[in-house]
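Any read-out appearing in this document is the output of simple, stated calculations on the displayed coordinates, not a laboratory observation. Since the model is a prediction, treat every value here as computed from it, not as a measurement. We place every Cβ from the backbone using ideal geometry, glycine too, and count neighbours over all the protein chains shown.
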Amino acid sequence: MTEHRQVTIIGSGPAGLTAAVYTARANLAPLVIEGEPSSTSDQPGGQLMLTTEVENFPGFPEGVMGPDLMTRMRAQAERFGAELRTLKVTKVQLDVHPFQIWIGDPNAEPTVTSDSVIVATGAQSLMLGVPNEARLLGYGVSTCATCDGFFFRDRDIAVVGGGDSAMEEALFLTKFARTVTIIHRRDTLRASRIMAERAEANDKIRFLWNSTVADVVGEQAVEKLIIENLQTGERSDLAVTGLFVAIGHRPNTDLFKGQLDMEDSGYLRTVPGTSRTNIEGVFACGDVQDSTYRQAITAAGSGCMAAIDAERWLEAFHHAHAAAT
Ligand code: NAP
C-alpha cells in the first residue's frame, strides 16, 4: 500500500542525515531512504563509510572514524523521529504532485507519495579498479587530499590522474609529503594550463608519464605500487605509502535524468545560494549538487539548507492548499 509523507529524503550521507535531523526537529516526520549496501562506492552513509579517521569535522578534537560519525548522525536523526529505511529507490516521478517514489518493483504502485523530496544521493569517486585498491582504501589509498593529506607528513606518495583534480590534489599534498609522483596514462595533461604549470614548477612533484597503477601492494597499509608503462608493458615498483586516486567523480543522479536539471557532468543544478531544483518542492543537497567543495561539513551544511528550504516551502504549500479548500 502506498504511504504518504510530507518529506522524503533520498540518501543518507552527511547531507541527507543533517536534513533528517532538521526536518525531524521541525515535526515533519521525515522518511529517509538510505540506499542499500551493494558495492564499495554506493552504500548507506555515503563516502564517509569508506573513510577511516576524520580529523576535520568540527566538534571532534580527537578525530572520529568515518563510520562512527555516520552512526552518530543516524542516531541523532532517529532520536527526533526520522524513520530510516535501508532500501534503495528504484524510480521517482517528479512531474506529478504529490511526488511518487518507488522502492523495489518500479512497475508496481508507488511505495511512497511525498509533498516534498530532498535529494541527497551523493557522488562517487571514480576508482581504478585494480585488485587491492578497495581493501586498502582508508589505509593509504585515498580519494581526498584535503581529508587525508595530513597523515602523510614527510612520506613519499603518489597521485593518479592528469586532470585539474589530480594537479590540485598533488599541489596540496606537497604541503605535507616529501615527494609526490603524479602517474598519468598519457604524456600530456588534461589539466588547465595554469594548474599544469604550477605542478610542473613544484620541486616536490615529479611525473610518471604513459603509466598506470597495475596494483597496490601492502598487508595492513600501502607499501608500494606496481606501475605499468603503457608503451613498453614493463612493470616496476614505486615505493610509496599513499596513493591518491584523482581520476574524477560521478554524481549519483541516474534516477533523476530527464526530470531534474543537471550539468553535462551529471551534477544537479540548484538555484545559487539555495537547495532549490527546477521542480518546486524538490530540493538537492550535498555532493550530488556540489562538484567544488565535496566535504562532509559542506554536505552537512547544505543538508541543513535543504531542510529549511523544504520546511518553508511546505508551510507555504499547506497554507495555499488550505486557502483553496
Ligand atoms: P577529469 O578532468 O575528467 O580528469 C580525469 C583524469 O583522470 C584524466 O587525466 C584522465 O586521463 C584520468 N583518468 C580517468 N580514468 C582513468 C583511469 N581509469 N586510469 C587512469 N587515469 C584515468 O576530472 P577532474 O580532474 O576530477 O576534473 C573534473 C572537472 O572539474 C574538470 O572540468 C576540471 O577542470 C574541474 N576542476 C577544476 C579545478 C580547479 O580549477 N581548481 C579543480 C578540480 C577540478 P585522460 O586525460 O587520459 O583522459
Quick check on the chain: helices-only [θ] at 222 nm, where DSSP H runs of length 4 and up contribute -39,500 (n - 2.57) each and the sum goes over total residues. Nearest 500, please.
-7500 deg cm²/dmol
Cut-off under 12 Å on the C-alpha distance; same-chain residues fewer than 8 positions from K91 excluded. Which aspartates and glutamates are left, in chain and number order?
D105, E109, D254
With a bin width of 5 angstrom, please list the P(r) values of region 1-100 as percents of all Cα-Cα pairs, from the 0 bin to the one holding the largest distance.
3, 13, 21, 22, 18, 13, 5, 3, 1, 0
Among bridges DSSP assigns within region 1-147, what percent are antiparallel (round to 5)?
40
Report the convex hull volume per residue for region 81-207, counting only C-alpha atoms, in Å³.
201
Placing +1 at every Lys and Arg Cβ and -1 at every Asp and Glu Cβ, with all other atoms neutral, what dipole size does region 221-325 have around its Cα centre, in debye to the nearest 20?
80
Roughly how tilted is helix 14-25, in degrees to the nearest 10 and between 0 and 90, from the longest Cα axis of the chain?
20
With charges set only on the Cβ (+1 for Lys and Arg, -1 for Asp and Glu), what does the dipole of the chain come to about its Cα centre, in debye to the nearest 20?
300
By how many degrees, 0 to 90 and rounded to 10, does the Cα axis of helix 66-79 deviate from the longest principal axis of the chain?
10
With the charge dipole of the chain built from beta-carbon charges (+1 for Lys and Arg, -1 for Asp and Glu) about the Cα centre, the Cα from P106, N56, G45 projecting farthest to the positive end belongs to N56
Report, in debye and to the nearest 20, how large the dipole of region 168-228 comes out about its Cα centre when Lys and Arg carry +1 and Asp and Glu carry -1 on their Cβ.
240
If R0 = 35 Å, then T52 and L230, at their Cβ-Cβ distance, give a FRET efficiency to the nearest 0.05 of 0.65
Between A320 and A221, how high is the FRET efficiency from 1/(1 + (r/R0)^6) when r is the Cβ-Cβ distance and R₀ = 56 Å? Nearest 0.05.
0.45
In the neighborhood of F80, defined by Cβ-to-Cβ distances under 13 Å, what is the net charge if each Lys or Arg adds +1 and each Asp or Glu adds -1?
+1
Given Cβ charges of +1 for Lys and Arg and -1 for Asp and Glu, the option among L189, N278, L314 whose Cα lies farthest towards the positive end of the dipole of region 171-325 is L189
How would region 178-224 be classified by its alpha-carbon gyration tensor: rounded, prolate or oblate, with rounded meaning a/c under 1.5 and the a/b versus b/c comparison settling the rest?
oblate
Have a look at the DSSP beta bridges in the chain and tell me what percent are antiparallel, nearest 5.
45
